[in-house]
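*Asks:* Below you will find the structure I want to go over with you.
The values are calculated or read from the model by the stated rules, or taken from the named source; none is laboratory data. Please read all numbers here as calculations on a predicted model, not as lab measurements. Here the Cβ positions follow ideal geometry from the backbone for every residue, glycine too, while neighbour counts run over all protein chains shown.
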Amino acid sequence: MHNYYTLIFLSLAYLLLFKFYYIRLTNFLNLYDIPDFKRKIHYKKVSLAGGLLIFFYFFFILFFDIFYLNKINTNLLFTNNRELVTFAIFSTLYFLVGIYDDKFNLVADKKLFLYFFITCIFLTTNESLLIRNINFSFIERNIILSKFSYFFTAFAILLFINSLNMFDGINLQSGLYIVFFLIILFFKYNYSIIFLSLIIILLFFLYLNNKSQIFLGENGISFFGFFLSYFSILSYNNKIINYADEVFLIMCIPGFDLLRLSITRLISGKHPFSADKNHIHHKLLKKYGHKITILIIMILVIFPYSLFLIFNNLLLSIFFSFFLYSLIILKLSQKKI
């Protein structure tokens, strides 16, 4: 038990150090989000060190568990050292691509290619993460992917990273969504202290983010995009999550927005991953302001999953999620007469 008290003490020390020195770190790395007064809605440069906060804290917790708690929690997440090492290497690569993008503003196609390249190498070194079959709650028979496993798994990971990236638009939004996702994983993995630690550090991030002092940045979004994809697929493959549609239900609101934006941009002759102010949070923000926007979005995220927990019907919950999302988009698209 004293080891856990040590962890709490060290974590608090880490948070205090970060609070006092993150500006110096941001200046050293020149890691700022500079407003362009067009697409971006903030009016001063903001630190993009949120990903640094999360990334280094996660590995601090992980190594503390390995060397001081004898892998009590790590063994719940990784079955062997190879899985742990490959996760550490490739999550770092995603994080570094995000850092590079934050500093030099990568073109969407180049960034997508880099993510695709990293994902393909990762899947060849960690075949246990391949999605080999799809099991829906409303179909009795499994859909066997066979030789399409690599393509489908890579596509699913890239799709979620991009949808999370598009979902990261205003203060608190992506952070609260990730907290919701981590809470689900926390319960699925028997109250793992690693997920709990990330929830706590994210609450600290949200405190700073609410004051517009720090953003997750592409580095944080890339890390979490891979992290959440990894453990979602692992949960599904290990039958911790039984059905693919439960994973979809958790991810569907960012996914719905990605699909809508991609279609509307393609129709307009634009790149599907180009930046604009047509996201659901931009539409809500324009009409209702920040607080109501965050409230509506979190209701969209949490309420359908809560419905599933009550009635244990995934198809109904997904339909309800799509209905709510579509209703809000239609309402916001109506022009005043």
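*Asks:* Mind counting the residues in segment 22-67 that are modelled with pLDDT under 90 and among the aliphatic types (A, V, I, L, M)?
*Replies:* So the answer is 3.
*Asks:* Spot the failing condition for Asn209; the list is (1) under 21 Å from Tyr115 (Cα atoms); (2) part of a helix (DSSP H, G or I); (3) polar (S, T, N, Q), and only one is missed.
*Replies:* (1)
*Asks:* Scan Thr119, Thr125 and give me the residue that is among the polar types (S, T, N, Q), closer than 14 Å to Phe227 by Cα and either buried (at least 16 other Cβ atoms within 10 Å of the Cβ) or modelled with pLDDT of 90 or more (or both). So that I can check it myself, show each step before the final result.
*Replies:* Working: Thr125 fails: closer than 14 Å to Phe227 by Cα.
Of the residues listed, the single one that is among the polar types (S, T, N, Q), closer than 14 Å to Phe227 by Cα and either buried (at least 16 other Cβ atoms within 10 Å of the Cβ) or modelled with pLDDT of 90 or more (or both) is Thr119.
*Asks:* Being out of contact with any His (no Cβ under 6 Å at 6 or more places or on another chain), surrounded by 14 or more Cβ atoms within 10 Å (Cβ to Cβ) and hydroxyl-bearing (Ser, Thr, Tyr): is that true of Thr74 here?
*Replies:* Working: out of contact with any His (no Cβ under 6 Å at 6 or more places or on another chain): yes; surrounded by 14 or more Cβ atoms within 10 Å (Cβ to Cβ): yes; hydroxyl-bearing (Ser, Thr, Tyr): yes.
Answer is yes for this residue.
*Asks:* Cβ-Cβ under 8 Å, sequence separation 6+ or interchain: first residue in segment 283-296 and on the phi < 0 side of the Ramachandran plot and in contact (Cβ under 8 Å) with a residue 60 or more places away in the chain, partner surrounded by fewer than 17 Cβ atoms within 10 Å (Cβ to Cβ) and of a type in the set (A, V, I, L, M, F, W, C). Which pairs?
*Replies:* Leu285/Ile41
*Asks:* Quick one: how many residues across segment 183-217 are under 30 Å from Arg132 (Cα atoms) and of a type outside the set (Ser, Thr, Tyr)?
*Replies:* Of the residues in that region, 12 qualify.
Matching residues to (1) in contact (Cβ under 8 Å) with a residue 24 or more places away in the chain; (2) surrounded by 17 or more Cβ atoms within 10 Å (Cβ to Cβ); (3) within 20 Å of the chain's Cα centre (by Cα):
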position	(1), (2), (3)
Leu228	yes, yes, yes
Asp245	yes, yes, yes
Pro254	yes, yes, yes
Ile263	no, no, no
Ser268	no, no, no
Ser274	yes, no, yes
His279	yes, yes, yes
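*Asks:* Inside segment 183-206, can you point out the residues that are closer than 13 Å to Leu77 by Cβ, touching a residue at least 12 places away in the same chain (Cβ under 8 Å) and assigned to a helix (DSSP H, G or I)? Break it down into steps so the answer makes sense when it comes.
*Replies:* Quick first cut of segment 183-206, residues closer than 13 Å to Leu77 by Cβ only: 185-186, 188-198.
Add one more test, that the residue is touching a residue at least 12 places away in the same chain (Cβ under 8 Å), and what stays is 185-186, 188-190, 192-195, 197-198.
Matches in segment 183-206: Leu185, Phe186, Lys188, Ile193, Ile194, Phe195, Ser197, Leu198.
*Asks:* Answer yes or no as to whether Phe60 is surrounded by 15 or more Cβ atoms within 10 Å (Cβ to Cβ) and among the hydrophobic types (A, V, I, L, M, F, W, C). Talk me through it step by step, then tell me what you get.
*Replies:* On the way: surrounded by 15 or more Cβ atoms within 10 Å (Cβ to Cβ): yes; among the hydrophobic types (A, V, I, L, M, F, W, C): yes.
Answer is yes for this residue.
*Asks:* Please work out which residue is farthest from the chain's Cα centre (by Cα), limiting yourself to segment 281-306 and to residues that are surrounded by 15 or more Cβ atoms within 10 Å (Cβ to Cβ) and within 16 Å of Met251 (Cβ to Cβ). Write out each step before concluding.
*Replies:* Restricting attention to segment 281-306, the residues satisfying the condition of being surrounded by 15 or more Cβ atoms within 10 Å (Cβ to Cβ) are 281-285, 290, 293-294, 296-298, 300-302, 304-305.
Adding the requirement that they be within 16 Å of Met251 (Cβ to Cβ) leaves 297-298, 300-302, 304-305.
Details: Ile297: 15, Met298: 14, Leu300: 16, Val301: 13, Ile302: 15, Pro304: 18, Tyr305: 17 Å.
Filtering segment 281-306 for residues that are surrounded by 15 or more Cβ atoms within 10 Å (Cβ to Cβ) and within 16 Å of Met251 (Cβ to Cβ), the one farthest from the chain's Cα centre (by Cα) comes out as Pro304.
*Asks:* Another one. Considering only residues that are without any contact (Cβ under 8 Å) to a residue 60 or more places away in the chain and assigned to a helix (DSSP H, G or I), which ones fall in segment 297-316?
*Replies:* Correct list: Ile299, Leu300, Phe303, Pro304, Ser306, Leu307, Leu309, Ile310, Phe311, Leu316.
*Asks:* Return the residues of segment 187-245 that are hydroxyl-bearing (Ser, Thr, Tyr) and closer than 26 Å to Phe64 by Cβ; say none if nothing qualifies. Outline the logic, then answer.
*Replies:* The initial filter retains those residues of segment 187-245 that are hydroxyl-bearing (Ser, Thr, Tyr), namely 189, 191-192, 197, 207, 212, 222, 229-230, 232, 235-236, 243.
Of everything in segment 187-245, those that are hydroxyl-bearing (Ser, Thr, Tyr) and closer than 26 Å to Phe64 by Cβ turn out to be Tyr189, Tyr191, Ser192, Ser197, Tyr207, Ser222, Ser229, Tyr230, Ser232, Ser235.
Conditions (1) surrounded by fewer than 19 Cβ atoms within 10 Å (Cβ to Cβ); (2) over 19 Å from the mean Cα position of the chain (by Cα); (3) not hydroxyl-bearing (Ser, Thr, Tyr), marked per residue:
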site	(1), (2), (3)
Asp109	yes, yes, yes
Phe138	yes, yes, yes
Ile144	yes, yes, yes
Lys147	yes, yes, yes
Leu159	yes, no, yes
Leu164	no, no, yes
Gln173	no, no, yes
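*Asks:* Oh, and also: On the basis of being closer than 24 Å to Ser163 by Cα, buried (at least 18 other Cβ atoms within 10 Å of the Cβ), in contact with a strand residue (DSSP E or B) (Cβ under 7 Å, 6 or more places away or on another chain) and not acidic (Asp, Glu), does Gly98 make the cut? I'd like the intermediate steps shown before the answer.
*Replies:* Values: closer than 24 Å to Ser163 by Cα: yes; buried (at least 18 other Cβ atoms within 10 Å of the Cβ): yes; in contact with a strand residue (DSSP E or B) (Cβ under 7 Å, 6 or more places away or on another chain): no; not acidic (Asp, Glu): yes.
So Gly98 fails the test.
*Asks:* All but one of (1) at pLDDT below 95; (2) touching a helix residue (DSSP H, G or I) at 6+ places or on another chain (Cβ under 6 Å); (3) not charged (D, E, K, R) hold for Leu228; which doesn't?
*Replies:* (1) is the only condition that Leu228 fails.
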